[in-house]
Amino acid sequence: VSITPTDSMPPPPPDGLTGFGDSGSAILDATVACTRQLSGVNIYGSLTSGGPYTKFNATPIPITARPVRWTVGGLQPDSTWYFVATVVDFEGNESAYSVEVAVTVLP
């Protein structure tokens with residue numbers, strides 16, 4: 001008999017999420033804890049505060065710098081988007097959402 005331990009505990013959510021509007025896009029910075037066990041960050045957005053949210057990246061955004069910066073393009077100018085971020089560990093466990101940030105897209 002062999003037992004393989006698995007990690008099913010999600011990491012804590014990002015410490016903070018900030019963002020600002022640009023021409024047709026939103027630029028987001030997610031602050032994550034310093035740990036080697038994180039594979040990346042997911043960015044979710046909605047036109048409604050509180051969601052439901054849609055994930056914008058296909059795979060976790062690698063943590064190559066802190067904060068993790070991500071640009072969401074192709075957004076309607078003068079619209080306000082509500083974004084949250086999560087952190088994913090190497091076991092595939094995803095954190096809860098970060099605090100929501102509102103970003104108004106510029107023309």
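The values are calculated or read from the model by the stated rules, or taken from the named source; none is laboratory data. Worth saying up front: this structure is predicted, and the values here are computed from it rather than measured. Please note: Cβ atoms are built from the backbone with ideal geometry, for glycine as well, and neighbour counts cover all protein chains shown. We work out accessible area using only protein heavy atoms, side chains counted, and drop any ligands, DNA or RNA first. Shrake-Rupley method; radii C 1.70, N 1.55, O 1.52, S 1.80 Å.
List of remarks:
- Meets criteria (farther than 17 Å from VAL103 by Cβ, surrounded by 15 or more Cβ atoms within 10 Å (Cβ to Cβ) and at pLDDT 90 or above) for PRO11: yes
- For ALA96, the requirement of being open to solvent by less than 50 Å² (accessible area, probe 1.4 Å), in contact (Cβ under 8 Å) with a residue 12 or more places away in the chain and out of contact with any Gly (no Cβ under 8 Å at 6 or more places or on another chain) is not met.
- Unique match (being part of a strand (DSSP E or B), touching a strand residue (DSSP E or B) at 6+ places or on another chain (Cβ under 9 Å) and open to solvent by 50 Å² or more (accessible area, probe 1.4 Å)) among TYR82, TYR44: TYR82
- Check on LEU17, part of a loop (DSSP other than H, G, I, E, B) and among the aliphatic types (A, V, I, L, M): no
- Of all residues in segment 16-38 being free of Cβ contacts under 8 Å to residues at least 60 places away in the same chain and open to solvent by 90 Å² or more (accessible area, probe 1.4 Å), the one that is nearest to SER79 (Cα to Cα): CYS34
- Set THR59, THR6: member being over 25 Å from VAL105 (Cα atoms) and open to solvent by 90 Å² or more (accessible area, probe 1.4 Å): THR6
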